[in-house]
Amino acid sequence: MTSIRVITLGCSKNTVDTEHLLGMLPQDRFEIVNDGPSDILLLNTCGFIGDAKEESINAILQAVAAKADGQFGKVAVFGCLSQRYAGELPTEIPEVDAWFGARDLDPLVRWLGVEPVHSHERFVSTPGKPYAYLKISEGCDRSCSYCAIPAIRGAHRSVSIEDLVREARFLAESGVKELILIAQDTTYYGIDLYRRRALGELLSALSRIEGIEWIRIHYSYPDSFPEDVLDAMATNPKICPYLDIPLQHISDRVLSMMHRHTTGDNVRSLIRRFREKVPDIVLRTTLIVGHPGEDEEQFDELLDFVRQSRFERLGAFEYSEEEGTYAALNYEDSVPPEVKQRRYDALMSLQSDISRSFNESRVGRTERVLVDDCVDGMLVCRSRYESPDVDGEILVKAPENAAGLISQFVDVRIVAAGEYDLVAELL
């Protein structure tokens, strides 16, 4: 039996790709190992921004060094980095046995000596966890000036509702209670298959699956946001009142240079609609500081927007020029690094106060939470308002039967709040 170890770098979309890949391998021919030596090492790489590319390159170099020491028989690399630099990497790192792109799962499986068989089953790489990511589409039709994803992942391609329901049912049968919907743009779902935005229909279909209790939406887009998604959040108890919607900026000038196809007024109106239609909604957004065209006036407008909108969750990036993008080819990266850092620090300092205030408002409340794990005598939990990996956690002193509570829903009372995490007691 051939042993295979996979190291997955980058975002949750890569995690799903890895799970689909391993799900195509017959269990009687391949043994999946989580660490240590193996006959074959597969590296799923990220090539989105500079830090991610550096991490992937270092992982490849460490892998070929380990191969030279006899820890691995062969090393193959796939994913975004090898897709983006398909012409350069094989020459620069010839010790790698095979290279595949982000869309080359079938050729990779054939390289392993197996004919690909597509099904709704996948190898869940986080056994025992009560949540799983469900990738509802691939690629992106947007043309944001700073982003290389369309060049790497290709055009938008939705997975059919029928296939997603089958996959979600398999996950539910595997013990998954929460589905986190991901894509490059979840709100664009269905345009290519059904000639309409069909995220609301998909939510309805998934919510009928026995065993699935929570459904959470990530990576939405503000332009032409589907109204029926808000209706689902407001009326369907399985749809978490939580939305991840990267807005990037609020200044009309910067949004135009970013090719975001919206305006500041439209974004503000959308946020008001979210709050009015789903009063308890928790909004997570991502912003970019230091993009070409952003001066102090535009940055002050961004700060005012965050101050007024009071996003419960917010992350930020300093703009970095990505080769091959419209921004890299047509704009001067004119904001000095120290200015980008100052703006980032000011934005995150403001958000820190907002996040702490939101958490403190929850002290004394009783909330239903999902237990993800038990670590150092504490149950690690989340409510409908926290997504794994990116948000804070609710920590509860573990009782004697802690092991039996993992992956279960329990009721807790919030007793203390920090900037990101909460402390609660079990009811």
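Note on the range 221-298: the alpha carbon radius of gyration divided by the globular reference 2.2 N^0.38 Å gives 1.21.
Using a probe of 1.4 angstrom and keeping all protein chains present, the accessible surface of the range 80-121 works out to 52 square angstrom per residue. State the percent of C-alpha pairs, over all pairs in the range 260-332, separated by a distance greater than 14 angstrom. Across the range 260-332, Cα pairs with separations above 14 Å total 69 percent. Which aspartates and glutamates, on any chain, are close to LYS340 with Cα under 12 Å apart, when same-chain ones fewer than 8 places away are left out? Counting by Cα, and skipping residues close in sequence, LYS340 has these aspartates and glutamates nearby: GLU294, ASP295, GLU296, GLU318. Per residue, the range 307-418 exposes 49 Å² of accessible surface when a 1.4 Å probe is rolled over the protein heavy atoms with every protein chain present. Along the axis of the charge dipole computed for the range 1-123 (Cβ charges of +1 for Lys and Arg, -1 for Asp and Glu, origin at the Cα centre), the listed residues GLY87, PRO37, ALA76 are led at the positive end by GLY87. Descending by average beta-carbon neighbour count within 10 Å, the peptides 13-24, 177-188, 108-119, 363-374 line up as 177-188, 13-24, 363-374, 108-119, the highest first. Across the chain, C-alpha contacts under 8 Å between residues 6 or more apart give a mean separation that, scaled by the residue count, equals a relative contact order of 10 percent. Residues of the range 328-344 with an amide N closer than 18 Å to a point placed 7 Å from the Cα of GLU296 along the Cα-to-Cβ direction: 334-344. Remark on the range 1-119: Rg and Dmax equal 13.3, 40 Å (Cα only).
One quarter of the convex hull surface built on the alpha carbon atoms of the range 73-122 amounts to 4.1 nm², the projected area averaged over directions. Straightening the chain between GLN408 and SER269 buys 46.2 nm, computed as 0.36 nm per residue apart minus the Cα-Cα spacing. The alpha-carbon atoms of the range 72-164 define a convex hull whose volume equals 157 cubic angstrom per residue.
The sum of -39500 (n - 2.57) across all DSSP H runs of n ≥ 4, divided by the residue count of the chain, sets its helix-only mean residue ellipticity at 222 nm to -10500 deg cm²/dmol. Computed over the range 42-84, the quotient of the alpha carbon radius of gyration and 2.2 N^0.38 Å is 1.15. Of interest is the spacing of the C-alpha centroids, which for the range 1-45 and the range 354-427 amounts to 32 Å. Could you please state how large a percent of the accessible area of the range 373-418 is carbon and sulfur, counting protein chains only and using a 1.4 Å probe? Carbon-and-sulfur percentage of accessible area, whole number: 48.
With the highest mean first, a sort of the peptides 133-142, 316-325 on other beta-carbon atoms found within 10 angstrom per residue produces 133-142, 316-325.
Residue pairs exceeding 20 angstrom between C-alpha atoms, taken from LYS177/LYS277; LYS13/LYS129; LYS135/LYS277; LYS53/LYS74; LYS13/LYS53: LYS177/LYS277; LYS135/LYS277; LYS53/LYS74.
Would you mind checking the range 257-287 for residues with the amide N under 19 Å from a putative spin-label position 7 Å along Cα→C-beta of ASP333? Counting backbone N atoms under 19 Å from the label point, the list is 257-259, 287. In the range 262-407, the ratio of gyration radius to Kirkwood radius, Rg to Rh, stands at 1.07 when only Cα atoms are counted.
This model, with +1 at the C-beta of Lys and Arg and -1 at the C-beta of Asp and Glu, gives the chain a dipole about its Cα centre of some 1160 debye. Within the chain, the cysteines lacking any other cysteine Cβ closer than 4.7 Å to their own Cβ are CYS11, CYS46, CYS80, CYS140, CYS240, CYS374, CYS381.
Per the Debye formula on identical point scatterers at the alpha carbon atoms of the range 154-264, with no solvent, log10 I(q)/I(0) at q = 0.13, 0.14, 0.17 Å⁻¹ is -0.52, -0.60, -0.83. Here the spin labels are modelled as points 7 Å beyond Cα on the Cα-Cβ line, and at ASP421 and SER174 they lie 2.8 nm apart. Our compactness index for the chain, the C-alpha radius of gyration over the empirical 2.2 N^0.38 Å, is 1.01.
DSSP assigns beta bridges within the chain; of those with both partners inside it, close to 35 percent run antiparallel. Using C-alpha pairs below 8 Å separated by at least 6 residues, the relative contact order for the range 24-163 is 21 percent.
The values are calculated or read from the model by the stated rules, or taken from the named source; none is laboratory data. Everything numeric in this text was worked out from a predicted model, so none of it was measured. Every residue, glycine among them, receives a Cβ derived from its backbone with ideal geometry; neighbour counts consider all protein chains shown. The protein model used for the area step is the full one, side chains on, heavy atoms only, and it has no ligands, DNA or RNA in it. Shrake-Rupley method; radii C 1.70, N 1.55, O 1.52, S 1.80 Å.
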